[in-house]
Each structure stands twice: as structure tokens, then as C-alpha cells.
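Enquirer: Below you will find the structure I want to go over with you.
No value in this document is a laboratory result; all are computed from the given coordinates. The model shown is predicted, which means the values in this text are computed figures rather than measured ones. Note that each Cβ is placed from the backbone with ideal geometry, even for glycine, and that neighbours are counted across all protein chains shown.
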Amino acid sequence: MSSTSTDPRLSEPRRAPAKGLTLSWSDPRLRAIVWQVVIIGLIAAGIWYLVDNTAANLEKARIATGFDFLGRTAGIPVGEYLIPYDPAVNTYGRAFMVGVLNTLMVSVVGVVLTTLLGTFVGIASLSHNWLLSRLCHAYVEVMRDVPLLLHLLFWYAMLLTLPTVREAMELLPGMFLSNSGLRVPLLVWEPAHSWALLAFIAGWIGTYLAQRRARRIQNATGERPRVWPVAVVAMLLVPLAVWLVLGAPFTMEMPVRSRFRFTGGGAITPEFMALMIGLVLYHSAFAAEIVRSGIQSVPSGQWEAAGALGLKRSVTLREIVLPQALRVIIPPMTSTYLGVAKNSSLAVAIGYPDLVSIMNTTLNQTGQAIEGIALIMAVYLSISLSISLFMNWYNARIALVER
């Protein structure tokens, strides 16, 4: 009787090969790590060489380095500022902050106006009205084909040809337009207005939370609670009540015209007006094309289905087409917003005191060219990254989610 014997090595289960990193040049993971380390090392060495070489050359030329100059008295006259500024008292650091705030104001206002005008032109270019659509197409072609610098110089020259202060045009009671800019009535700000503004912000936050709660209830039950009563109470009635309780102050400072200049009221300088007009007209042409292409990317069946249900074209555009088109519009619109922020630096060509203009004067007076340029780069990089982060967050928020 024969007996069969099995090899014990054959009965043992096979072990999977180790997945760790093997020290072999044939391993692609090892090669990837080595090349990344080498590239990072070369970049770090190049940066170190440039910094060390620059520092050595500056030391040989006996040029002081560092940011101590920001603490010295500036003596730079600035025509427009959002925070109190006196060139005889304040420092270069204060002047730098004035330039940063002016640049931020131009960027924010420019982005908002570019979005509004670009959206209108983009939608109007798809109108069934032949004349309106042709005018919008002509607007896009003309505005985007003219260099931005020429836009600024042209509009600045046009504003300087307006009547003098003595012959200023009164557009509305208390609103004057002349070659010195636009003069408007200005609200005298008091503590009651600050408290009412805080109440409005708190109400806006409460309304946002109420909308999120209503959305959760709708997803769970299919019924959406009304949010508009909460919005009316939180954003209108409560701030109004705060303002009334604190005395309801409402005093307008009216501009007064003298022989050569205006006193009182609020002023919008021709430099700011020319900068806004040029930036908005130029970039809105690109924004209009982005909006138009985004709307056309939505299948025509959406329009036909909405028409079959009896919906008006305006309702279809607002409720059905635009929400879908946003997924195509947002990514390229980010580049347009970045262009508005970065191209605001051309304000130096028409004398608007933005960051570049103020820092250019600063580095000419102090000789700290490297530090001044580094500050300018840091500010514009921060603005651009903030815009990119916000737009990427919003793009991810409206993106389609597969289930």
C-alpha cells in the first residue's frame, strides 16, 4: 500500500510581496522622490545664491537693507485716502497702507461693476432683437481690442475736458460734475449708523442660517419654509428700530461751489473715475463673452422644455439656464477678476494714488527698491490668491455631485 506525501512548502499560503519602498533605482517611487529632492534642492540653492549675492553687493555699495524705512516720516502727499493721513506726521508704513486700501477699493468696485456690466452685455448679445445683439457684439469687439492703457488715457483726457468748477453741471440737486470730478452729498456718519450697520450684518448672518435650515427641511420633508419674513425682520426692521431708538440721525453734508473749488460733500476724483471706466469697459467685454459662451453651453432642450411648460424666457434664464451655465462661467471668470485686480496697477499712468504709485515714490525717496518691490509683489500676490481661493471654493460649491 503506497502512501502519498505532500511537500510542506506547497501547503503554506503564499505571502504577498512587501509593498514598502525598495532601495532600487528601478523602483519608480524611489526615482520620483529622488528627483523631487534634487529639484527642490536646486531651487533652494538658486534662491540662496541670489539672496547672498544681492546682500553682498548691497553691502559693498553701502546701501542699507531692511524695512526700517517704513517707520520714518513719509512726506508724500496723497490726494485720496480711506484712512486719515498727514504726510508731515505719518510714516511710510502709513502711506503704504493708504496705497493698499486704495488698490483694494479699486479691485472690489471694479470686480462688482465688471460682473454686472459683463453679465448684461453677455445676455443681451443673445437677444432676439437684432439691433441690440449687434450693438453688444460691436461693444465687445471694440472694447477688448483697444489696449487698457489707451482706455485709461482716453477717459482721463475726456474727463479733463469737462466744464470748470464755476460752470459745473448740476446733474441732480447737490450733485455736480466738472473737470475736478464728481461732487455728491455725503451722509454725516454717527454712532447710530454704526450700530444699525452691525444690526444689518447680524441680520444677514441670521438670514443665511435660516436659508440653510430651510434647505435641510426641504431635503428631509419636501416642503421649504418661508425665509423672506425672517429676512425682512432681521435685515430691515431690526436695523431700522436700532436707528430709531438711537435718535434717527440723518444729516447730509452738501457740496458748496465756490469760484475755483468745491467744499463739503463727497468727492470722486477724475483719476478714480477714469480708472473705473477704463477697467470696467475693458474687462466687461471679456466677461460678456464668458457669460455668452456659458449660456450657449446649456443644451437648447432646456429652453424648449421650459417653453413647453409655459415659462417666460426671463424666468427660464434666471431659474434654469444660468444656474447650469455658472459651472462653465466661473473658471474663466476667475481670470477676468484677477486681471481687474492686477491691471489696477496701471493707475500710475493717470496719477491715481494706488499701491504702485505710492511705493514708487517711496523707493525713489528712500532707495529701498528691493524692499519696495517685494512689498508690492506680496500685496498683489495676496489679492490674487484670495480671489482664486474664493472662486475655487464657489466653483466647488456649485459643481455637480454624482450620487
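Enquirer: Can you match volume of the Cα convex hull per residue in Å³ to one of these, (1) 344; (2) 196; (3) 278, based on a calculation from the structure here?
Expert: Correct label is (1).
Enquirer: Something else about it: Order these peptides, 201-213, 308-320, 353-365, by their mean beta-carbon neighbour count within 10 angstrom, highest first.
Expert: Order by mean packing, descending: 353-365, 201-213, 308-320.
Enquirer: What does the charge add up to near Asn102, with Lys and Arg as +1, Asp and Glu as -1, over the other residues with Cβ less than 10 Å from its Cβ?
Expert: Surrounding charge for Asn102 is -2.
Enquirer: Let me ask you something else. Based on other C-beta atoms within 10 Å, arrange Arg215, Arg29 from fewest to most.
Expert: Starting with the residue having the fewest Cβ neighbours, the order is Arg29, Arg215.
Enquirer: Quick one: which of 270-283, 160-173, 34-47 comes out on top by average Cβ neighbours within 10 Å, and what's the full order, highest first?
Expert: 270-283, 160-173, 34-47
Enquirer: Compute the acute angle (0 to 90°) between the alpha-carbon long axis of helix 322-343 and the principal axis of greatest extent of the alpha-carbon atoms of the chain; round to the nearest 10°.
Expert: That helix lies at roughly 60 degrees to the long axis.
Enquirer: Quick one: 3J(HN,Hα) in Hz for the stretch 167-174, Karplus 6.51/-1.76/1.60 with θ = phi - 60°, rounded, Gly and Pro as x.
Expert: Couplings: 10, 4, 7, 9, 5, 9, x, x Hz.
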